């Protein structure tokens with residue numbers, strides 16, 4: 001499975017978790033049973049990592065939402081931002097630019113064109129500060 005497809009599947013699980021109050025393991029089990037998604041350890045690791053660090057990730061996202069709050073952005077954008085910010089913060093093996101590019105591509109596929117620009121702007125600002133703090 002290509003890394004893009006892996007991120008896409010993790011994004012779908014993250015998005016689903018926003019609406020369903022199941023545990024992470026229940027969501028993974030349901031997705032596997034229904035054959036909705038091809039599941040592997042990397043996808044599970046990303047999904048679980050986002051969920052385990054959601055409060056830290058969300059507080060970082062919130063810092064870069066100019067005149068917005070997390071509750072006001074689309075759920076698609078929120079899921080994409082959670083995945084990308086998690087990857088940037090916790091997955092050292094993934095280049096920062098790749099996380100941003102993949103997030104923008106997911107937004108182009110699953111959202112409206114304006115969301116891709118919005119996500120790129122939020123992640124660009126976050127990444128600049130994150131790199132400076134290293």
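What follows is calculated from the coordinates using simple rules that are stated; it is not laboratory data. If you're wondering where the values come from, they're calculated on a predicted model, not measured in any experiment. Here the Cβ positions follow ideal geometry from the backbone for every residue, glycine too, while neighbour counts run over all protein chains shown.
Remark on the chain: Rg and Dmax equal 14.0, 44 Å (Cα only). Label reach from residue 52 (point 7 Å along Cα→C-beta): in region 84-108, amide nitrogens under 15 Å belong to 86-87, 89-92. Residue separation of residue 90 and residue 74 scaled by 0.36 nm, minus their Cα-Cα distance, works out to 3.4 nm of gained length.
Peptides 14-23, 78-87 ranked from most to least packed, by the mean per-residue count of other Cβ atoms within 10 Å: 78-87, 14-23. Between the alpha-carbon centres of region 11-47 and region 94-134 there is a gap of 22 Å. Largest GNM mean-square fluctuation across 116, 103, 31, computed for the chain with C-alpha springs under 10 Å, falls on 31. Return the FRET efficiency for the residue pair residue 62, residue 4: r is the Cβ-Cβ distance, R0 is 22 Å, and the value is rounded to the nearest 0.05. Calculated transfer efficiency: 0.20.
From the Kirkwood radius over Cα pairs of region 39-101, Stokes-Einstein at 4 °C and 1.567 mPa s returns a whole-number translational diffusion coefficient of 106 µm²/s. Axis of helix 24-33 versus longest Cα principal axis of the chain: the two differ by about 50°, to the nearest ten degrees. One chain, two ends: residue 23 and residue 105. Fully extended at 0.36 nm per residue, the span grows by 26.8 nm beyond their Cα-Cα distance. On the basis of the beta-carbon distance and an R0 of 41 Å, residue 41 and residue 117 show a calculated FRET efficiency of 0.80. The mean sequence distance of close C-alpha pairs (under 8 Å, at least 6 residues apart), as a share of the length of region 3-133, puts its relative contact order at 24 percent.
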